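Working notes, beginning with the structure itself.
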Amino acid sequence: MTPLRRTIKHWLLGHPRPPAREVRTILVVRRNGIGDMVCALPVVRALKKAHPKARLTVLAAEANAPVAR
């Protein structure tokens, strides 16, 4: 079973999240306007703080790139 399938299965079945040390990659999807991206920044910061070793990637509209950086 792939890691993604295992994670989805755990979410669907209500299993606990993996410990922070196991999270290696986080994808944040934010496809709305700049205001929505600004409102999402606290979530991005909290994710980075909770998982400092994880690689955080943001998928956003091109107009949101400066805000995401």
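Taking the stretch 49-69 as the range and being open to solvent by 90 Å² or more (accessible area, probe 1.4 Å) and over 23 Å from Pro3 (Cα atoms) as the test, the residues that pass are Glu62, Pro66, Arg69. Restricting attention to the stretch 17-48 and to residues that are closer than 25 Å to Arg6 by Cβ and over 11 Å from the mean Cα position of the chain (by Cα), the residue that is modelled with the highest pLDDT turns out to be Glu22.
The values are calculated or read from the model by the stated rules, or taken from the named source; none is laboratory data. Everything numeric here is computed off the predicted structure, so don't read it as measured data. We place every Cβ from the backbone using ideal geometry, glycine too, and count neighbours over all the protein chains shown. All accessible areas refer to the heavy atoms of the entire protein, side chains included, with ligands and DNA or RNA removed. Shrake-Rupley method; radii C 1.70, N 1.55, O 1.52, S 1.80 Å.
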